[in-house]
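Shown next, in structure tokens, is the structure this report addresses.
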Amino acid sequence: GWCPLSPAGAQTTQLLVQPPWRPAVLWDRVTLTCQGSGTAGATTWYKDGQRWGQNRRNHFTVTERGTYTCAGPGTGLSSPVRVLNDWLVLQVPARALLEGDTVTLRCRH
């Protein structure tokens with residue numbers, strides 16, 4: 001795993017995707033997990049920029065295409081994860097990539 005750099009003392013929230021490819025595709029049975037450094041409590045989920053609800057659990061299986069973000073108590077908003085339902089998708093690993101890294105691309109159809 002990796003930790004994004006953030007200002008000292010800042011709370012960060014990560015939205016993890018399984019299987020670990022981006023953009024995610026609905027037909028892969030995608031699970032999203034919200035991880036943050038806040039206190040335990042309900043996770044707030046957003047879909048396509050709109051508040052989508054709260055859930056005591058920090059993960060769920062996606063059933064609709066869209067762009068998802070999350071936040072926990074006392075944490076900031078995560079980076080977005082797109083879930084597509086397209087016929088043809090070019091995917092990259094869902095991890096931090098640096099210049100010079102060898103990357104495996106997946107063409108899914």
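With the contact rule set at Cα under 8 Å and sequence spacing of 6 or more, what percent relative contact order holds for the chain?
So the answer I get is 30 percent.
Determine the per residue accessible area of the chain with all protein chains present and a 1.4 angstrom probe, expressed in square angstrom. Display every interim value, and only then the final one.
On the way: 7150 Å² over 109 residues.
Value for the chain: 66 Å² per residue.
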Just tell me the longest site-free run in the chain, where the sites are chymotrypsin sites (Phe, Trp or Tyr not before Pro) in a DSSP loop having at most 15 other beta-carbon atoms within 10 Å. 3-86
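When the accessible area of the chain is computed with all protein chains present and a 1.4 Å probe, what percentage of it is carbon and sulfur? Show your work: numbers first, answer last.
Working: 3750 of 7150 Å².
After summing per-atom areas, the C and S share lands at 52 percent.
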Given the chain, what percent of its DSSP beta bridges are antiparallel, to the nearest 5? 95
Suppose we take every Cα in the chain and form the convex hull; what volume per residue is that in Å³? 110
For Asp48, what accessible area in Å² do you get when you roll a 1.4 Å probe over the heavy atoms of the protein chains, rounding to the nearest 10? 90
Once you put a point 7 Å from the Cα of Glu99 and another 7 Å from the Cα of Asn85, both along the Cβ direction, what distance in nm separates them? 4.0
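The values are calculated or read from the model by the stated rules, or taken from the named source; none is laboratory data. None of the values given here were measured: they were computed from a predicted structure. Don't worry about glycine lacking a Cβ; one is built from the backbone with ideal geometry, like all the others, and counts go over all protein chains shown. Please note that ligands, DNA and RNA were not included when accessible areas were found on the heavy atoms of the full protein model with its side chains. Shrake-Rupley method; radii C 1.70, N 1.55, O 1.52, S 1.80 Å.
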